[in-house]
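Only one structure is covered here, and it is reproduced in the block below.
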Amino acid sequence: MVLGVGWERTLVLVKPDGVQRGLIGEVVVRLERRGLRLAGIKLMRIDGALAERQYAEHVGKPFYAELVGLMTAAPVVAMVWEGPSAVALVRSTMGATDPVAAAPGTIRGDLGLALPANVVHGSDSAERGEVEVGLFFRAEELVDWRGALDGWTGAGGVPPRS
Ligand code: IDP
Ligand code: MG
């Protein structure tokens, strides 16, 4: 897959609390409207081994068991979103980790109540995005396509004259 200059890929999860609360569409529509491009999506369960790899940086922290308990309690929707500065765009759309601190207008600030439940995950760097995409998706599960509106979002150079 060849990404444009400055393009990044990020793993987004609608977490089990978001799936159970019927918020899958709510998350997807907010990312679509930013102009990001969806490259892969699936409903799946996370087992203990995958949870440990996904959250390796948090092993040993006081909330780790609670976090893994949440992430394995019900299905998640795993997605790959790509675009220029995709990581930062997703992080700002999600809002701060703790719903109490997340600004209104963000997913967590509008829809979250209390940790560890905060509706959504997004990779925290482009490097981590590549790792996490590889944890959740095989290459053949990702689709390489062009958005018809990319010229109008700034994602694809100058738009055609109309
Ligand atoms: P992030 O999801 O915004 O990147 P991280 O610090 O990477 O936040 O934490 C991963 C996840 O662990 C959070 O999204 C949340 O579900 C959970 N978590 C983080 N800090 C706490 C806490 O203090 N108590 C309970 N759960 C937490
Ligand atoms: Mg994180």
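Nothing in this text is a laboratory measurement; each read-out follows from the coordinates by a stated rule. If you're wondering where the values come from, they're calculated on a predicted model, not measured in any experiment. With ideal geometry, Cβ positions are generated from the backbone for all residues, glycine too; neighbour counts draw on all protein chains shown.
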Heads up, region 87-162 by the C-alpha gyration tensor (a ≥ b ≥ c square roots of eigenvalues; a/c under 1.5 rounded, else a/b over b/c prolate, else oblate) looks oblate
With only helices counted (DSSP H, runs n ≥ 4, each -39500 (n - 2.57)), the per-residue ellipticity at 222 nm for the chain, to the nearest 500, works out to -9500 deg cm²/dmol
Output for region 113-162: chymotrypsin sites (Phe, Trp or Tyr not before Pro) sitting in coil per DSSP, at most 13 other Cβ within 10 Å, listed by number, reads W145
Taking Cα pairs closer than 8 Å and at least 6 residues apart, the relative contact order of the chain in percent is 34 percent
Applying the gyration tensor rule to the Cα atoms of region 1-81 (axes a ≥ b ≥ c; rounded if a/c under 1.5, else prolate if a/b exceeds b/c, else oblate), the class is oblate
For the chain, longest principal axis from Cα atoms; helix 126-136 axis from its Cα atoms; angle between them, nearest 10 degrees, is 70 degrees
Those trypsin sites (Lys or Arg not before Pro) from region 61-162 that are DSSP loop and have at most 15 other Cβ neighbours within 10 Å turn out to be R138, R146, R161
For region 59-120, listing chymotrypsin sites (Phe, Trp or Tyr not before Pro) in a DSSP loop whose Cβ sees at most 14 other Cβ atoms within 10 Å gives F63
Checked region 30-146 with the C-alpha gyration tensor, a ≥ b ≥ c its square-rooted eigenvalues, rounded below a/c of 1.5, otherwise prolate if a/b is larger than b/c and oblate if not; verdict oblate
